[in-house]
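Working notes, beginning with the structure itself.
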Amino acid sequence: MPSIDVCYSPELLHLYELQGKAVVAVDILRATSTMVTAFAQGARDIVPVMELEECRTYAAKGCLTAAERDGVKAEGFDLGNSPFGYMQGQVEGRTVAITTTNGTRAIRMSEAAAEIVVGAFLNLQAVADHLARLQLDVLVVCAGWKGKFNLEDTLFAGALVERLQDRFAFENDATLASLYLYQTAKADLLSFLRQSSHVRRLERLEIHKDIGFCLQHDLYQVLPVWKHDRLVDLCVMSSECRMSD
């Protein structure tokens, strides 16, 4: 039986062996939720990069560019990090290069893994079904906030563990803790997260609607997976995405 484990921050990745494993990179508020939304809105592929200047160079290649730092859209880029900014048809058929404070870092730091999947509550079941088919050991990599633990990514890890618990062994206590935390919170995630640091940070920026949107479960049949140097939607490339009964 394969195992599932949870890494609470990319800064802890040196403690884990990634080779041969499937990584689920998650930044609920808001990078991975935004990437999932972009694919649901028809983006062709997404190039996550770590630095603003590298992201800028993609504009000359005909790509849309998106950037966020400290919760705010960076100046001089086409898009920010709100999923609502990707819903006006501008990303359909386009390549989007994106850099964010935490999420893109978590993805790029996981490149040694056999598979990198981008997870969000928005595509939770698609991710769970894909991992069940892969039958690889799984590590959920929470983006956190500037290297530190955060609550919302851990809740996603717990939600994923709940859906896979009958088919995957628990590797460490982080897995069990994430599951228990999600089971405590799932009846009302928004209220549970109200006092979390990043929710308070986003609410100070008056980004209220993003928070509720990103906590919706199974809104999209989208499966962003790392291929070569970018993310593609495996649900578009294959017919494997089907919601479980």
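The values are calculated or read from the model by the stated rules, or taken from the named source; none is laboratory data. Predicted model only: the values in this text are computed from it and were never measured. Here the Cβ positions follow ideal geometry from the backbone for every residue, glycine too, while neighbour counts run over all protein chains shown.
Scan the range 131-139 and give yes if some residue there is surrounded by 16 or more Cβ atoms within 10 Å (Cβ to Cβ) and in a helix (DSSP H, G or I), otherwise no. Yes, the range 131-139 has at least one match.
Taking the criterion of being without any contact (Cβ under 8 Å) to a residue 40 or more places away in the chain, surrounded by 12 or more Cβ atoms within 10 Å (Cβ to Cβ) and outside any helix (DSSP H, G or I), the only residue of the range 179-201 that qualifies is Arg194.
Pairing each residue of the range 161-172 that is at pLDDT below 95 with any residue that is crowded, with 16+ Cβ neighbours inside 10 Å, provided the two are 6+ apart or on different chains, yields C-beta distances under 8 Å for Glu171/Ile4; Glu171/Asp5; Glu171/Asp137; Asn172/Asp5; Asn172/Val6.
Within the range 146-168, the residues that satisfy the criterion of being part of a loop (DSSP other than H, G, I, E, B) and either out of contact with any Asp or Glu (no Cβ under 8 Å at 6 or more places or on another chain) or not small (Gly, Ala, Ser) (or both) are Lys146, Phe149, Asn150, Gln165, Asp166, Arg167, Phe168. Consider the range 19-69 and keep the residues that are free of Cβ contacts under 8 Å to residues at least 40 places away in the same chain and in a loop (DSSP other than H, G, I, E, B). The one that is farthest from Ile116 (Cα to Cα) is Gly62.
Annotation for the range 212-223: at least one member residue is at pLDDT below 95 and touching a helix residue (DSSP H, G or I) at 6+ places or on another chain (Cβ under 8 Å).
Condition first: over 16 Å from Arg44 (Cβ atoms) and either hydrophobic (A, V, I, L, M, F, W, C) or in contact with a strand residue (DSSP E or B) (Cβ under 7 Å, 6 or more places away or on another chain) (or both). Now tell me which residues in the range 74-102 satisfy that. Give the derivation first.
At the first step, the residues of the range 74-102 found to be over 16 Å from Arg44 (Cβ atoms) are 74-77, 80-85, 87-88, 99-102.
The answer is Ala74, Phe77, Gly80, Asn81, Phe84, Gly85, Met87, Thr99, Thr100, Thr101, Asn102.
Of everything in the range 114-130 that is surrounded by fewer than 24 Cβ atoms within 10 Å (Cβ to Cβ) and over 14 Å from Arg163 (Cβ atoms), the residue that is nearest to the chain's Cα centre (by Cα) is Glu115.
Scanning the range 105-116 turns up one or more residues that are in a strand (DSSP E or B), modelled with pLDDT of 95 or more and not hydrophobic (A, V, I, L, M, F, W, C).
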